[in-house]
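The values are calculated or read from the model by the stated rules, or taken from the named source; none is laboratory data. These figures come from a predicted structure and were not determined experimentally. Cβ placement follows ideal geometry from the backbone for every residue including glycine, while neighbour counts extend to all protein chains displayed. Side chains are part of the model used for accessible areas, which takes the heavy atoms of the whole protein and leaves out ligands, DNA and RNA. Shrake-Rupley method; radii C 1.70, N 1.55, O 1.52, S 1.80 Å.
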Amino acid sequence: MTDSTLNPAGAPIAGRESPHAGQAAAARLRARRRSERRFKAYGLGAVLLAIVMLVVLVGTLAGQGLGAFTQTQIAVEVNLDPARLDPQGTRDQKTLADANYTGLLTDIVRDNFGATQRRDILKALGLFSRDARFELRDFVLENPDLIGTTQTVWLTASGNLDMLDKGWIDRDLPETQRPVDDQVLGWYDALAAKDAVSRDFNTRFFTGADSRSPELAGIWGATVGSALTLFVCFILSFPIGVTTAIYLEEFAPKNRWTDLIEVNINNLAAVPSIVFGLLGLAVFIGFFGMPRSAPVVGGFTLALMTLPTIIIATRAALKAVPPSIRQAAQGLGASPVQVVFHHVLPLAMPGILTGTIIGMAQALGETAPLLMIGMVAFIADVPGGFTTPSTVLPVQIFLWADSPERAFVEKTAAAILVLLGFLIIMNAIAVLLRRRFERRW
């Protein structure tokens, strides 16, 4: 500080500052701006990294799972011999349904592939799915007038041949390291040369239940099980969670007991999901004797896990309603119950629904608690009710991921894509509801 900026007492003159002080302030300003630019760059980098990882995840799943939406079919010439199918010539549906279609399939591999030895016949039968004889039966039942003729019939290929046709089996590997040998490769090449191999949309994947054969496995059984389980979860957790939040937020006295309850609710929201599975196993199955692997038990267990999320979201939505709404209703003579249910709750409902849907989406993706209550069983049928054995989509994915066949890897990735689609739809509904009904104060 120079002498010209000081008064006779040695203090700085008002309205004038040292050049060094101005330079220091400018340096601090530049440093603050650099810090803000770095922070924005870090945030943008984090967003880009998240997008890249999401693209990698979806791209990997799509690369592995899109093939499961198609299924390889094989065209074969079938001699619908009346002596084997309808020796009496009655064309009766029951008689045709009870015919020896396994023998007819054996005739097919003899005629189309020249398999005469038992070993070759078994190997040629392995080109088709286990349901090939039922496909032949359905064809005959739908076309009884064709008995006695030779027809071209498309049959579902086995999982190994499906993987070979989709390029997942390396033909250049030694024969001992491939799931198909050279003889099967020769049969496949002969079929492909005469356009007897085709890939069609795999409707069975969306309409069938689980199966030991990958070409027959579908997600419909697990989808129905998930729907039944989530329905039970919703009808339990939504009314209980909302009424609990209303009481705690609007009516409960503020004392140490309500504080203890609030702390425990917040702690329950952070408890690992497998703990709720252990609770469901001990209480619902062990104490009440409810059936294992049933949607009703799964719904009860997931309701315990979803309750804290719904309570917390509902309380936040109730707090977001301005106090002036309550005061205006009270000023007009409304009772406390009328204030809440006629004015506050309708305004908070968008936030409540958003939190509920997010909680249900979390429940849809849970596997650990359902494994503990036995929903990991192999279920080959579509569940017919809330107490029948069933599985859910996350558990179905877990079971397929543990299967050794290469075709189940494709099915696993496809089921994950379907599950992600459901989760995206549920979260999109939550966003739309909030934007549709949200009011700005």
Protein accessible area in the chain, 1.4 Å probe - carbon and sulfur %: 61
Computed lengthening from Gln177 to Phe134, 0.36 nm per intervening residue step minus Cα-Cα distance: 12.3 nm
Using Cα pairs closer than 8 Å and at least 6 residues apart in sequence, work out the relative contact order for the chain, in percent. 18
Take the alpha carbon atoms of the chain, find their radius of gyration, then divide it by 2.2 N^0.38 Å using N residues; give the quotient. 1.51
Label points 7 Å out from Cα along the Cβ direction at Trp168 and Gln330: separation in nm? 6.5
When the chain is fully extended, how far beyond the present Cα-Cα distance does Phe201 get from Leu371, taking 0.36 nm per residue of separation? 58.0 nm
I'd like the distance separating the alpha-carbon centroids of the range 385-441 and the range 125-164, in whole Å. 33
Would you kindly find the accessible area of Asp86, with a 1.4 Å probe and non-protein molecules such as ligands, DNA and RNA excluded, rounding to the nearest 10 Å²? 10
Might you tell me the accessible area per residue for the range 37-170, computed with a 1.4 Å probe and given in Å²? 55
Accessible area (Å², 1.4 Å probe, nearest 10) - Trp168: 100
Ala50-Ile425 FRET efficiency (beta carbon distance; Förster radius 25 Å; 0.05 resolution): 0.75
Exposure ranking of Glu410, Glu250, Glu175, Glu142 by accessible area [1.4 Å probe, largest first]: Glu142, Glu175, Glu250, Glu410
Work the Kirkwood hydrodynamic radius out for the range 374-422: mean of 1/r over every pair of different alpha-carbon atoms, inverted, in Å. 11.6
Reachable lysines from Lys40, Cα under 22 Å, same-chain residues fewer than 8 places away excluded? none
